[in-house]
Amino acid sequence: MSDLVSTRAAIVTALEAVLPGRVYAHPPTSGRAVTPSIFIEQALIGGEIDEPVATFPIWVVADGAVAAQIEAHDGIVWNTWLALYPLASNITARPMSVAGWRATVVEADVGLDVFGLCGAPDPIAFTYNGREVQHANRQ
């Protein structure tokens, strides 16, 4: 993948097949998620300088009666793993319980192609707090 924005978009597209209409590129802003749902947290970056890897924490949440909740949740987590398999070099899952919901954080490691075949990328522009910001790459 070329950058965090396009990688996040590719993950959302892949996960839409798992839970159509319930996949969110970012965590809920109200503090409450509609369940079941899948949302993506802020990415972490690691790896080597010329081969960076972004780790995307992807939350899978479900509610309901205990047995039904666990079965639905297990199915969503498994299908999330399958959907991420073509994109990620490594996938892990950590189950947890949050406010009475079953939750799993699925972490997908995705390689980032920062230099490609043509050297360092051109300066990029992005939006922050409603303003466009120009970022010049340092050589």
Of the trypsin sites (Lys or Arg not before Pro) in the range 1-98, those whose Cβ has at most 15 other Cβ within 10 Å and which sit in DSSP loop: Arg32
Gain upon complete extension [Thr29, Ser97; 0.36 nm per residue less C-alpha separation]: 22.5 nm
Efficiency of FRET from Cβ geometry, Ile49 and Asn79, R₀ 30 Å, rounded to 0.05: 0.30
Burial ranking of peptide ranges 69-80, 48-59 (average Cβ count within 10 Å, highest at the top): 69-80, 48-59
Farthest positive-ward along the range 1-102 dipole, Cα basis, beta-carbon charges - from Val98, Ile76, Pro57: Val98
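Only the coordinates and a few stated rules stand behind these numbers; no lab work does. Note that the coordinates shown come from a computational prediction; the quantities given were computed from them, not determined experimentally. Cβ sites come from the backbone with ideal geometry, for glycine too, and all protein chains shown count toward neighbours.
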